[in-house]
Each structure stands twice: as structure tokens, then as C-alpha cells.
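Everything on this sheet refers to the single structure shown next.
The values are calculated or read from the model by the stated rules, or taken from the named source; none is laboratory data. Values in this document were obtained by computation on a predicted structure and should not be read as measured data. Note that each Cβ is placed from the backbone with ideal geometry, even for glycine, and that neighbours are counted across all protein chains shown. These accessible areas exclude ligands, DNA and RNA; they are computed on the full protein's heavy atoms, side chains included. Shrake-Rupley method; radii C 1.70, N 1.55, O 1.52, S 1.80 Å.
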Amino acid sequence: MTPDLIPAVDAAGLPGPVWLFQFLLVLTFFLHLLFVNLTLGGTLMAAISHTLARGRADDPRGVLAGRLIGINGYGISLTITTGVAPLLFIQLLYHQFFYTATILIGWMWLSLLLFLTVGYYAVYLYKFKGAPARGRGGGVWLWTAAILFMVIGAIQVAVNLIHMQPGSWEALAGNPWAILNDPTFVPRYLHFLLAGVALSAMVVTWWAVRQARQGIDPDLNGTIAHFAWKWVLWASVLQIADGLWLTMALPKDVLLGLMRGGGATMGPFTVGVFFGIGILVMVARCSDPVTRPALVTATLGTTLATMAIMVVTRDQVRSIYMGSSVDLSQFVIRAQWGNFWLFAILLVLGLATVYYMIRRVLNEPAEGADAA
Amino acid sequence: MDYPIWDFAMGGGMLMALVAVPHVIVAHFAVGGGLLIAVTETLGVRRNDPELRELAKRSSLVLILVSTVYGAISGVGIWVVAGLISPGAISSLIHNYVWGWAIEWVFFILEIVAALVYYGTWDKISKKAHMLVGWLYFVGAYGSLVVINGIITYQLTPGKWLESHAFWDGFFNPTYWPATLLRTGVALMMAAAFMLFPASKSREAGTRLVRYIGGWLVAGSLISYVGYRWWEAQLGETTRALFLGESPTLASLAATRSFTLWALAAALVLGIVFLLIVPRSIKAIVPGILVMVAAFAFFGGWERLREGSRKPFLIHSHLFSNGLLVEDIERINSAGLQAYTGWASTGGLDDPIEVGRRVFKIQCAACHTLGGYRSITEALPTFQEMLAVTANDPPGSGAAAFEAGCASCHRDSNFEEMVEFMPGADEMKEDPEMVTDLLVGMITGTLEQLRDMGQAYVDADRSVQFDTQTTAYPMMPPFVGNDEDLEALATFLGTLTHDGASTVLTGGGE
């Protein structure tokens, strides 16, 4: 008797077509990933920069650490906020796989909450008790946050690998740590970590270049831009090597599936790889980013585009991994189009309101008695 | 019920409470605080009252740190825990109400971004722009509450949804509006209770500000009271009878209800006395704490009452807390649990104790632990209890032991009658096997009752709320499975009825 470990498709069905939810899953996951990268890569980069600066805030690398954490104070909140939506849609489309994966590593999955809370408050402690507020120190907080965020990333990669491979469940039920032996675990994890570092470094370079060109602390900003730009370079080099490793480490069927998918799967994948190499070429061609602001902006744009494409590839790889274990057409569809439109309209209105709010705030600076 | 089981000795319910209770308090604080802070700042600007503005500012710092960080993480935490302890149930909710959650997410984005901006722009932008951000925060926060409340109330009173399965029938269910009002009142109470502390810190205006906060607290309490009464009136007759009337079906729930109402009365009276009449008393910390505790107690009490009245369902009359769908009862009874889920047989079918342990985990562990909270060992008759009843040593202790350990299942007989049926103490000690058989027989009989209970659900009119009072165990779902499943579970439970055995088994969760 071979018991079927994959739970039944939820009888309640889907309140809309499969493609709509797939689209929303991929879209919101991309949004989430933007902030994940800033949080994960940014905190790690901040911790290293802080250490290189020997904990001093007056060292350019210390300033950089402070800036990265300045972004993260908001970035972590937005990571959580944007994470809610893909968490919702993955439970909707892949509930049988996702819940099972989280249950199989239940303790780890649960401790993610604890790590997140501690990591978040550690970032605040660094901000208010460390170098940004007092001139020096706080490295312990920063490293605590960086390490915890890295562990969270590893947990997410584990859940992802487990949920895609129902064949591994029975073995994992006895020994969940075995997921670390998955040959793609390390390269997949590094793929995310390096992307995070690259994006964070890219954003701070862009910002420093902008400031330097506006004449704000040109020396300091020039140094920071230089330093961060090197990070972009090395992260990109390693990323390409790691991408190759990951591709080779994929199970043979998955790699073949990716190729057999034709344009639909090879298209995005090829473009993504090309863009990745493109980033490297752009960065390598320019040694002083302050002199080439347009190039810096273009590189940032390309980085974002690469991520977006790779998110699509990632989703396709999931489908190939799952193969015949999943059949989304089994869902009974009871579309609620009215609710979809309500959601879509509210989303547009909500984002427009956020945009309007931020514009107003930027346009109405005030000081002293006039200020709020 | 066809997911693997996450082993958790403490019990999933306990873990959920640990995550959910602080979350709902913080979440309501975030909503009410949004309103109070926006109003306070606006009044401060209109009346040119720096004290009020200072109060808004100081409260907002707490609000942000607590609600954007802790509130958001614990909110995700509820999902994480629910997915671990009752995946089938949470999946069903999500598949029915995903658009509701998607809409809530939009409000959540607005709430979080506005909170971060509000916090970061004190002393930096114009007053008007800052007030606008504050009000947008409130819109976002209140919007999430209004949406999520539709889903929560649907779980208790699905109303017409049971017939139509239509989104809006479930959303605007009978208790939707009353619960919205009630939660609005609660949000004001929570916010006032928290803001009391920054308000009382102000040296010059302390008294005035405390009175101001007191006004909010009293208003929140009154709104909560109206909301509560209305909510109670909108519960179905059969649900109300669980805790109301001459002889409520569930005494513990009736006690929770009176606790809830007394706590609300206490919050109101304490609020009037300490905050409105002698606001200076707040300088001493204790009165403030008392007000806060009363407000929390009321809110906690009501949440318990709500959850308790919904038991054993997660979605009333549709889905049980352990993930069993009413519509699956017959299928599982005839085909058996092993055919229903592969996880019931992972690890082999040779050892009936192991199979029974898995059946227990799949069906009972959502509510019962082995030795902790709502311990199954305590619910079952044990060798020691049997012995205590027969031995009756010292005299009189047997009757007490009967009341404590047997009466709940043997309502028709009393101690004397029971002893007549039972073997003597010496006989038991000599032949424990015989007692084991007797105990396993009792467990088997109980499980059969629990399985028969399912028929009532199968036969019931699926388009109206089921009356749980009519069943033998109003707080429990029926047992489902074929005879082999039942026998395996009884065998496993039988091992728990002997001294020493329970400790071994509690530890053996692997």
C-alpha cells in the first residue's frame, strides 16, 4: 500500500481562475522580495561595514551602515507587510504542499516569528543605542539582526524546497534536518543572499551618487559610492557563479523540464541570465560611479528587472518540480469577480492614497512652530 | 484532517492563545489609538493646545513600536500557528474568504505606511500634512478591523451562507454589525487604557488630560455594552442557550459571560471614579493599572465567550476545529481514516498502539493534550480511579472519587450502584488485565457514542445552524473512522489509563 501523503484539494475551491491567483502570487512575491533583499542583504552589508569601520560612525563605512539601517527601520515593516499577500496566495494555491512543509519543520517555522521579532528590535537597538545615535558601538545588535535574518532566509528556502518535493516528505517526517542535504539548498540560499547584497549595495550607491552630484558632502558620498559599487561588482560575480552552480545542481528532470518548456520557460530564464551578465558588464566598465550617474541608474533598473524575471522563473521551476503531484485544475472554480474588482479598485485607491500622502509629506516640510 | 500532525506537547490551543491574545489586544489598541491620536492632535492644533499635541506625539511613539512591529509580526504569527495546528481549517477559511483578506491587506499597507510616516515626521512637516497622515492611519487601521470582523463573525454565525455559500451572505452575517460596534468600543477602551500612562505623566495638564482620556474610556465602555447586548441578541437561540437562561448547557461558559459583564462594569465604574471624578489618583500607578486590567478582562472574557460558543466548530455547522468537514463524516466512517489520509498510516500499521496514537493526533490533539492542558488522560477513567472507587478507603472517599472521575460519563448511576457492578479492590490488584479490559471497554463505548453523535450532524438540515446542545458532548466533534480505527484509538487510549504509562507516552511525542 502506498499511502497518498498529499492532502486533498480544498473542497471550497477557488474564488477566481487559477491564472489570476498565480499572477497575484508572483506579483506580490516580487514586491515582497524587494524588501526582503534590502532587509537581508542590507543588514548583512551594514554589519560588515560597521565592523570594517571598527564600530565608528565617523568612518564612511560607518555612515554607510547607518544609512542601510536607516532604510531598514522602515524596510523591515514593509517586508512583513508585503509578505502577507504572497503568504495568502501560496496558501490558496498550494495549501496541501505549503502547510505540510511548514508542519514538517514546525519548530523552525514557528521560531521564525521569534527570530523576526528579535531581529527587528535589534535593528532598533542599533539605531538608538549604537553608532548612529552615539557615535560608535552597537555591532552586537547589528550582527544579531543580520544573523537572525539570514537564518530566516534559510528557513524560507527549506520550506520552499520541501513544499515542492512531496516525494521527500516521508523521509523528512522522521528527520527534518535532512532538507539541508538537498544539493540545491546551499546554491539556492546563496542566490537569494547575493541578490539581497547586490540590490542593497546598488541602492546605496545610487543614493550616494545622487547626493554627491547635488553637492551634499561630495567627498563622503563619493567614498561611500565607491565602496558600495565594489560590493555590487563582487556580488554580481559571485551571483553568476552561484547561478551556474544552482542550475547544475537542479534535479535532472527539472533542468530538462525547464528546457523542454520552450519559449515559455527558456525565454524568461535566458533573459534573466543575460541581464545578470549585463549588470556585471555595466559595473565592471565603470570604476568611479559618481562620474556616471546614468549608468548607475541603468544598473539599478536592470537589477530590478532581473529580479522580476527571476521571480517568474522561480515560479516555473516550482511547477516543474511538482510535476504531476499538483494539478491546479482540480480546484472547483467559483469566481467572485465582484470581489476581485473591489480588491483591484481598493488596491489602486490605496496605493494612490499612499503616493499622495508621501508627496504631500515631501512637499510640506516645516520647522519650529509651524511644524507638527 | 489529512495533513501531517505537528507534535506539540503543550497543546495547539495553548500556543494559539499565547500568540493570539496579545495580538488582538495590540490590534485593537492600534485601531482605537489611531482614532484617539488623530482626534487629539487635531484638537491640539485647532485649540492651539500644546499639551494635547504632546500627548498625541508621545502616544504615537508607543503606538508605532508596538503596532507596526509586534502587532504585524503576531498577526502573521496567528497564521503561522493556525497553519501548524489546524491546516485544513485555516485552508478552508482562506479558500472561502481570500478576497476578504486581500482587501484587508490593502488597508494594512495604508495603515503601516501611514504609521511609519506619522512617526517619522513629527517636527518635520506642516501640521496639516501631519494630521492628514494621522487620519489616513486611522482609516487604514479601522478598515482592516471592519474587514477582518466580517470573517471572524462569519465563523460563529455563518447565517445564510450555510445555504448559499455566498461570500457576502457570510460576511454580513447576523452578528456582523453588533460585533463591529462592540469591537469599536473595545478599541477605544484599549487605546484609552494605554494612553492613560503618557497622559498622567504631563506635569501641568495631567488632571485635564486624564479626564480627557477618561471620557474616551467611558464612551468606549458604553459603546461596548450596547454592542455586547446587541451581539448576544443576534446569536441564534440555540447558541445563546449554551450560556444563558435558567439552566445553561455549559456552566463554564455561563460563568465566562458573567465574568465578562462584571469586568465591563468594573472598567466603567473605575473609569468614572479614577479618571473623571478624582483624576489626580492616576499619579499613583495602581488605579491606572486597575482600569487597564478591567478593560483587558472584559475584552478577554468576551473573546473567550465567543470562541467557547463556537466550539466544536471553526466555521459553525460546517467545519470542526480539528479540520473535519461535516460533509466528510459519512465518507470517513465508511471508508476509514487510513483511506482518507496517508498520514494515518505513515510509520506502519502493525502496531495498533502506534496507529491509535496517530488517530488520536489527527482527530483529538487539536483540543486534547496527553498530559497537559485539557489532558485526555484526565478525561479518561484510570486504574487508580477505579481502585479508589471500589476500595472506598477511608470510607466516603470512594463516593468522592466517583464524583470526580466517573460521574461525568455515568450520570444514570450513583456510587452505591456502581460499586455493586465492580470487582473488589483485591481482585483488581490481582488481575489488572481484567481491569484493563474493563477500561478499554469503557473507552470503546465512549468512542462509539462519539461516533454515533456524527449521525446527528449528518441528518441535520445543513442550511441552518446546528444545535450542539442536542448532542451528548456539545463541545466535541464526533469521532470518525471505521471499526479498526476505533479499536486502534481505544487500544492506544487504554495504555494511558495505567499509572506510569502516561508519563512514558507523554514524553514519546517523536
For residue A:344, all conditions in the list (1) open to solvent by 30 Å² or more (accessible area, probe 1.4 Å); (2) more than 7 Å from chain B (Cβ to nearest Cβ) hold save one; what is the number of the exception? (1)
Going through region A:318-336 one residue at a time, which ones are open to solvent by 80 Å² or more (accessible area, probe 1.4 Å) and at the interface with another protein chain (Cβ under 10 Å from one of its Cβ atoms)? A:334
Expected single match for surrounded by 19 or more Cβ atoms within 10 Å (Cβ to Cβ), hydroxyl-bearing (Ser, Thr, Tyr) and either farther than 17 Å from residue A:23 by Cα or away from chain B (no Cβ under 14 Å) (or both) among A:297, A:291, A:306 is A:306
Just checking, how many residues over region A:40-64 are in contact with a Leu (Cβ under 9 Å, 6 or more places away or on another chain) and under 20 Å from residue A:199 (Cβ atoms)? 12
In region A:178-223, how many are in contact (Cβ under 8 Å) with a residue 60 or more places away in the chain, under 30 Å from residue A:320 (Cβ atoms) and open to solvent by 70 Å² or more (accessible area, probe 1.4 Å)? 1
Among the residues of region B:456-499, what is the count of those that are touching a strand residue (DSSP E or B) at 6+ places or on another chain (Cβ under 7 Å) and either under 16 Å from residue B:380 (Cα atoms) or exposed (fewer than 15 other Cβ atoms within 10 Å of the Cβ) (or both)? 0
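Residue-by-condition table, conditions (1) in the same structural domain as residue B:333 (by TED's automatic domain parsing); (2) under 27 Å from residue B:481 (Cβ atoms); (3) buried (at least 18 other Cβ atoms within 10 Å of the Cβ); (4) in contact with a Gly (Cβ under 6 Å, 6 or more places away or on another chain):
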residue: B:393; (1), (2), (3), (4): yes, no, no, no
residue: B:405; (1), (2), (3), (4): yes, yes, yes, no
residue: B:408; (1), (2), (3), (4): yes, yes, no, no
residue: B:429; (1), (2), (3), (4): yes, no, no, no
residue: B:437; (1), (2), (3), (4): yes, yes, no, no
Scan of region B:261-286 for residues that are in a helix (DSSP H, G or I) and open to solvent by 50 Å² or more (accessible area, probe 1.4 Å), ordered by number: B:262, B:269, B:272, B:273, B:276, B:277, B:280, B:283, B:285, B:286
Could you list all residues from region A:248-274 that are within 23 Å of residue A:162 (Cβ to Cβ) and open to solvent by less than 30 Å² (accessible area, probe 1.4 Å)? A:249, A:250, A:254, A:257, A:258, A:265
Kindly indicate the residue of region A:45-93 that is in a helix (DSSP H, G or I) and among the basic types (Lys, Arg) and also surrounded by the fewest Cβ atoms within 10 Å (Cβ to Cβ) among those meeting that condition. A:67
With the condition kept exactly as written, say whether any residue in region A:153-161 is out of contact with any Asp or Glu (no Cβ under 6 Å at 6 or more places or on another chain), open to solvent by less than 20 Å² (accessible area, probe 1.4 Å), within 14 Å of chain B (Cβ to nearest Cβ) and within 16 Å of residue A:109 (Cα to Cα). yes
Check region B:249-256 and report whether any residue there is of a type outside the set (A, V, I, L, M, F, W, C) and open to solvent by 40 Å² or more (accessible area, probe 1.4 Å). yes
Out of all the residues in region B:189-201, which are open to solvent by 10 Å² or more (accessible area, probe 1.4 Å) and either over 10 Å from residue B:275 (Cβ atoms) or outside the structural domain of residue B:33 (by TED's automatic domain parsing) (or both)? B:194, B:197, B:198, B:201
Based on what the data block shows, is residue A:175 more than 13 Å from chain B (Cβ to nearest Cβ), surrounded by fewer than 19 Cβ atoms within 10 Å (Cβ to Cβ) and among the polar types (S, T, N, Q)? no
Against the definition (surrounded by fewer than 23 Cβ atoms within 10 Å (Cβ to Cβ), under 24 Å from the mean Cα position of the chain (by Cα), within 22 Å of residue A:38 (Cα to Cα) and not hydroxyl-bearing (Ser, Thr, Tyr)), how does residue A:105 come out, yes or no? no
Region B:12-21, subset more than 30 Å from residue B:58 (Cβ to Cβ) and touching a helix residue (DSSP H, G or I) at 6+ places or on another chain (Cβ under 9 Å), residue surrounded by the most Cβ atoms within 10 Å (Cβ to Cβ): B:12
Which numbered condition residue B:80 fails, given (1) within 23 Å of residue B:307 (Cα to Cα); (2) away from chain A (no Cβ under 12 Å); (3) among the β-branched types (Val, Ile, Thr): (2)
Could you identify the single residue in B:342, B:396, B:323 that is of a type in the set (Gly, Ala, Ser), farther than 30 Å from residue B:421 by Cβ and more than 20 Å from the chain's Cα centre (by Cα)? B:342
May I ask you to list the residues in region B:83-106 that are of a type in the set (A, V, I, L, M, F, W, C), farther than 17 Å from residue B:152 by Cβ and facing chain A (nearest Cβ under 7 Å)? B:84, B:106
When only residues in region B:130-151 that are open to solvent by less than 10 Å² (accessible area, probe 1.4 Å) and at the interface with another protein chain (Cβ under 7 Å from one of its Cβ atoms) count, which is nearest to residue A:372 (Cα to Cα)? B:130
Quick count over region B:107-129, residues being touching a Phe, Trp or Tyr at 6+ places or on another chain (Cβ under 7 Å) and facing chain A (nearest Cβ under 7 Å), is 2
Any residue that is within 17 Å of residue B:31 (Cβ to Cβ) and assigned by TED's automatic domain parsing to the domain that holds residue B:101 - is there at least one of those in region B:206-215? yes
Taking region B:330-349, which residues are open to solvent by 30 Å² or more (accessible area, probe 1.4 Å) and in a helix (DSSP H, G or I)? B:330, B:331, B:333, B:334, B:335, B:338, B:339, B:340
Within 30 Å of residue B:87 (Cβ to Cβ), in a helix (DSSP H, G or I) and touching a strand residue (DSSP E or B) at 6+ places or on another chain (Cβ under 8 Å) - does that describe any residue in region B:350-370? no
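Quick grid of which residues meet (1) open to solvent by 20 Å² or more (accessible area, probe 1.4 Å); (2) within 13 Å of chain A (Cβ to nearest Cβ); (3) touching a Lys or Arg at 6+ places or on another chain (Cβ under 8 Å):
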site: B:7; (1), (2), (3): yes, yes, yes
site: B:23; (1), (2), (3): yes, yes, no
site: B:29; (1), (2), (3): no, no, no
site: B:66; (1), (2), (3): yes, yes, no
Kindly establish whether residue A:223 is in a helix (DSSP H, G or I) and within 24 Å of residue A:315 (Cβ to Cβ). no
